[in-house]
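> Sharing a structure here in structure tokens format.
Derivation of every value follows stated rules applied to the coordinates shown; laboratory data play no part. In this text, all values refer to a predicted model and were calculated from it rather than measured experimentally. Here the Cβ positions follow ideal geometry from the backbone for every residue, glycine too, while neighbour counts run over all protein chains shown.
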Amino acid sequence: MPCCSEYCSCFKLRPTLNRTVILGSLPNADHKKSNPGPNHGNQTLLEIPPMKYLPFTLLLMAAAMLIACGAGHPRLTSIAVSPSSATASSSPQGEVGFTATGTFTDHTSRELHLADGLEWKSSNTVVATIDDTGEATCVSPGSVTITATAPADLQITVSNGVQNTSPKVSGTATLNCT
């Protein structure tokens, strides 16, 4: 069988039926007494029966799934936007800072941020705009509804482009631009 690199000739791996072969470096200098597998310098081949660690592996996988799915974590139940009502000038353009406070199933509450998946929206961007931090700017006279929305399961919000598909929770406030 042809070798894929110059290192292949150093390791003459024999096929093992129903076994997993792991190449590793072990801290024990005396490989012959502690390891049943052949060795090459400080690299040792270990043969591990595949079923030996199956229960532990399954337990770790189940735990990881529960953590990833937000199991055991409080869910967001409501959002309060502060101030609930504000007035600012549209000429010159006035600004109002809004904050969103989330209340959870365990009856705790805290301020929500962009990292939680919080999104801000203005009901009419001709009258007022709002940025990702909750800073609204009056552009022309009128009244708008400012909405803060976040996923109910904040624990699975990540910043690597993966969408959090849990239900959304929203809260609103009113901004009057004069």
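> Val126 to His73: FRET efficiency via 1/(1 + (r/R0)^6), r the Cβ-Cβ distance, R0 30 Å, to the nearest 0.05? It would help to have the intermediate numbers written out before the result.
Numbers: r = 40 Å, r/R0 = 1.32.
Computed FRET efficiency for Val126 and His73: 0.15.
> I would also like to ask the following. Given points 7 Å out from each Cα along the Cα-Cβ axis, report the Ser170 to Thr101 separation in nanometres with one decimal.
2.2
> Mind listing the phi-derived Karplus ³J(HN,Hα) values for the range 73-89, rounded to whole Hz, using 6.51, -1.76 and 1.60 with θ = phi - 60°, and x for any glycine or proline?
Taking θ as phi minus 60°, the curve returns 9, x, 9, 6, 10, 7, 10, 10, 9, 10, x, 6, 8, 8, 10, 8, 7 Hz for the range 73-89.
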